[in-house]
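In what follows, a structure is listed as structure tokens, so that the remarks can point back to it.
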Amino acid sequence: MPALTSFRSLIDSLERSGTLRSISRPVDPRHELIAVMRAVQKAGNEPLLFTAVAGSPSPVATNILGRREVLALALGLEPQTLLPSLLALGLAQLDPMIVSDAPVHEVVQTSGFDVARDIPQVVHSERDAGAYISAGICIARHPTTGIVNASWNRIQLAGGDHTRVRMMPPQHLGQYQRVAEESGEPMPVAVVIGAPPALMLSAASKIPIEADEYRTAGGWQREPLRLVRAKTVPLDVPADAEFVIEGHVLPHVREAEGPFGEFTDGYVEVGPNHVLKVSAITRRRDAIYHVILAGGSEDTVLLGVPLMVDVWKKVAPLADIRDIGFPGHIFGCVISLAKTDDLQPKAVLEAALAAHLWMKLVVVVDADVDPHDPQDVLWAIHTRHRPDTGIVRIENAAGFPRADVRAVHRGKIGLDATAPLAMKETFRRRRFLGIETISPEDYFDPV
């Protein structure tokens, strides 16, 4: 099936299928909107469209890619084979296509704008310093090589043409900015909101600095990404985006930014960050503003799937891998396999823990365990794991490197929660005939 090559086509598809939940009740963008979304993530985890956000010039969409199945739909792939399919497609990059018909240029503001008025002022967490763009992909071109980078960066909306953007090496965008700053030059940047799904995923991927996220996105959607020239900066931007904010990151200028509730569910405190001076805001006439909660379901899917592709690449040669999930967080994973040798889980655990710096806890389960279901995974650990021999432990290995918490992220551990092959029949799971067709609501007495 074909990929959905714009954020708007994904919204429309979810609406037609009845998956998208629309909320017309008025909500406050300061805390209430995020609180509603967080409650939904902990219940049915549906995609949401808020159509009556107080003071907002646009409706707000959130949790759109909060389910892995929706990401697979957006890319035109099967959920069951998403990881190996992305690994294969990543090798077939496609050059983007420059177009002149651009929905994102239906409305163009190059003066008189105010980021505190023209952008929805969504505040996420209790201690956040104010409203942030949380679903903005920063597009920049390397000052000397010309290679385009796309990355997710949080942006604080200060007001007028003034924003503060989080970027620093080793992130590629931070490396680009350092080169520009060494020359004393402002760095042109375009912030894309409501981007094509394949670009959202490629911007979250840990692809090499010499690679181009536009070409990767084209390969993943099997169709060239449609780009248009920006209005005030020398960059090409996604023609079908909802919003694009254009501007320049100023050299040798830092301002206090934060605190901000981050994806580990704590806060990044106040620190000096870069200033992005806005020169234009362009958008669709009926633009939908996209919001992502750091550490929420959508953020976890976008960050986690590329990491699991890296893990799949390392472990697939070692065993018959069925799937990889990341219930809980992305500092670990659960690998489902059909083992043919009792030594395979140990080899898979060692390879997975080495696949990425962030991998801290890895569990290997049998093919009859759902690696996306934390209850099923815990069941396997309780009933099949042998603590005295089924552990791979790596002392003092480096993990998540953020300075304020890296002391905690030392060491790695792997758990073999597979049944011994010699006891395969003993551990065969019972079945409940007919359960696949049962809907409990059909059996309840009327209330």
Review point. Any chance segment 320-327 includes a residue that's out of contact with any Cys (no Cβ under 8 Å at 6 or more places or on another chain), in the same structural domain as Asp366 (by TED's automatic domain parsing), in a loop (DSSP other than H, G, I, E, B) and surrounded by fewer than 21 Cβ atoms within 10 Å (Cβ to Cβ)?
Key: yes
Point to revise | Complete set of residues in segment 395-420 that are in contact with a Lys or Arg (Cβ under 7 Å, 6 or more places away or on another chain) and either under 21 Å from Ile324 (Cα atoms) or part of a loop (DSSP other than H, G, I, E, B) (or both) | key: Gly399, Phe400, His409, Lys412, Ile413, Asp416, Ala417, Thr418, Ala419
Exercise for review: Tell me which residues, restricted to segment 261-297, are of a type in the set (A, V, I, L, M) and assigned to a strand (DSSP E or B).
Suggested key: Val268, Val275, Leu276, Val278, Ala280, Ile281, Val291
Revision key, fill the gap. Residue pairs within 6 Å by beta carbon, gap of at least six or interchain, first lying in segment 257-279 and under 15 Å from Ala403 (Cα atoms), second of a type in the set (A, V, I, L, M) and surrounded by fewer than 16 Cβ atoms within 10 Å (Cβ to Cβ), listed first then second, are Val270/Ala256
Exercise for review: For segment 46-55, enumerate the residues that are surrounded by 15 or more Cβ atoms within 10 Å (Cβ to Cβ) and either of a type outside the set (Val, Ile, Thr) or farther than 25 Å from Asp114 by Cβ (or both).
Suggested key: Glu46, Pro47, Leu48, Leu49, Phe50
Check your understanding: Is it the case that segment 86-100 has a residue that's acidic (Asp, Glu) and in contact with a strand residue (DSSP E or B) (Cβ under 7 Å, 6 or more places away or on another chain)?
Key -> no
**Study point:** Qualifying residue in segment 148-158 (condition: surrounded by fewer than 18 Cβ atoms within 10 Å (Cβ to Cβ) and either free of Cβ contacts under 8 Å to residues at least 40 places away in the same chain or in contact with a Ser or Thr (Cβ under 9 Å, 6 or more places away or on another chain) (or both))
**Key:** no
Practice item. Please give the number of the condition Glu69 fails out of (1) modelled with pLDDT under 95; (2) closer than 18 Å to Leu302 by Cβ; (3) of a type outside the set (A, V, I, L, M). Key: (1)
Check your understanding: Looking at segment 338-358, is at least one residue at pLDDT below 95, outside any strand (DSSP E or B) and not aliphatic (A, V, I, L, M)?
Key -> yes
Practice item. Looking only at segment 73-82, decide whether some residue is surrounded by fewer than 20 Cβ atoms within 10 Å (Cβ to Cβ), of a type in the set (S, T, N, Q) and in the same structural domain as Arg284 (by TED's automatic domain parsing). Key: yes
**Study point:** Filtered residues of segment 339-358 (kept if over 22 Å from Ser205 (Cβ atoms) and either within 29 Å of the chain's Cα centre (by Cα) or buried (at least 24 other Cβ atoms within 10 Å of the Cβ) (or both))
**Key:** Pro345, Ala347, Val348, Leu349, Glu350
Practice item. Test Trp358 against the stated conditions and say whether it is among the aromatic types (Phe, Trp, Tyr) and either over 30 Å from Phe260 (Cβ atoms) or assigned by TED's automatic domain parsing to the domain that holds Leu83 (or both). Key: no
Point to revise | Segments classed as strands (runs of 3 or more DSSP E), wholly inside segment 143-260, with at least 3 members that are in contact with a His (Cβ under 9 Å, 6 or more places away or on another chain), polar (S, T, N, Q) and within 22 Å of Leu77 (Cβ to Cβ) | key: none
Point to revise | Flag if Val377 is assigned to a helix (DSSP H, G or I), in contact with a strand residue (DSSP E or B) (Cβ under 7 Å, 6 or more places away or on another chain), closer than 16 Å to Leu415 by Cβ and hydrophobic (A, V, I, L, M, F, W, C) | key: yes
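The values are calculated or read from the model by the stated rules, or taken from the named source; none is laboratory data. Note that this is a predicted model, so its numbers are computed, not measured. Note that each Cβ is placed from the backbone with ideal geometry, even for glycine, and that neighbours are counted across all protein chains shown.
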